[in-house]
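Report on the following structure.
The values are calculated or read from the model by the stated rules, or taken from the named source; none is laboratory data. Please read all numbers here as calculations on a predicted model, not as lab measurements. When we count neighbours, we look across all protein chains shown, and the Cβ atoms used for this are built from the backbone with ideal geometry, even at glycine.
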Amino acid sequence: MVAMVAMVGALATLCNTAGCSRPRGRASTRSEIDAPRATDGRVPLVVTWEAQGEPRAGETFVVTARLARRGNFDQVLHVSVRVPDGARVVRGSTALDLPPTAAPRVDSIELALALATIPAGNLVLVADATGVGWGVHSEVPYRFGRSAPSVAGPAAQGPHVVIGGVDLGPAVPAGRTRSPEANRDSGSGDAPAVRDAM
């Protein structure tokens, strides 16, 4: 069984969380996809995809989504699955509501897909819940064996930011705030250093 793992740091301004039990399985490989660590107490929902075998055109392929809610999740979790072209659900549901829970809980959603081809698009689980003062929205792809795309963030090559005597490291330049002549006159690089802004 191959496991594709995506831990979703969902938008949550208020969530009472606790540790979650790890789903059991015979995962031979695991890869994290664009997500915080499951041990981060602020992560209210952890979603994993587990596949049984490798996807092959012309065959039925079984994949299971596990949704681990951590702690008090006092609202219904609305779950839907977008199925890409080249795949058709032959068993399982692509839309359901998971009931509220006051304790950590793991729910599984198993789908059997008839694959006409290996889909070029992703199978995407979408989960939503909204409570008073908090909300969760996550979209977790299963890529049919493809690697996650690499996302290059901006380079922190600006001047060091110092606030209250603490050096926070180099800034990410947002654009030129002074003319090149003013920078040359001050002896600095492309942008002035930010000092004691607070």
Requested in this report: Taking the residues in region 139-184 that are touching an Asp or Glu at 6+ places or on another chain (Cβ under 8 Å) and surrounded by 13 or more Cβ atoms within 10 Å (Cβ to Cβ) as candidates, determine which candidate is modelled with the lowest pLDDT.
Outcome: ASN183
Query raised in the report: From the set of residues in region 92-115 that are among the aliphatic types (A, V, I, L, M) and part of a loop (DSSP other than H, G, I, E, B), which is nearest to ALA129 (Cα to Cα)?
Result: ALA102
Query raised in the report: Just one of the numbered conditions (1) over 30 Å from THR117 (Cβ atoms); (2) of a type in the set (A, V, I, L, M); (3) in a strand (DSSP E or B) is not true of VAL89; which one?
Result: (1)
Query raised in the report: Taking the stated definitions as given, is ALA120 among the hydrophobic types (A, V, I, L, M, F, W, C) and under 29 Å from VAL90 (Cα atoms)?
Result: yes
Requested in this report: Tell me which of these ALA65 doesn't satisfy, since it passes every other one: (1) more than 21 Å from GLY133 (Cα to Cα); (2) surrounded by fewer than 19 Cβ atoms within 10 Å (Cβ to Cβ).
Outcome: (2)
**Report entry** Of all residues making up region 91-116, the number that are surrounded by 14 or more Cβ atoms within 10 Å (Cβ to Cβ), over 14 Å from TRP49 (Cα atoms) and of a type outside the set (A, V, I, L, M)
**Finding:** 6
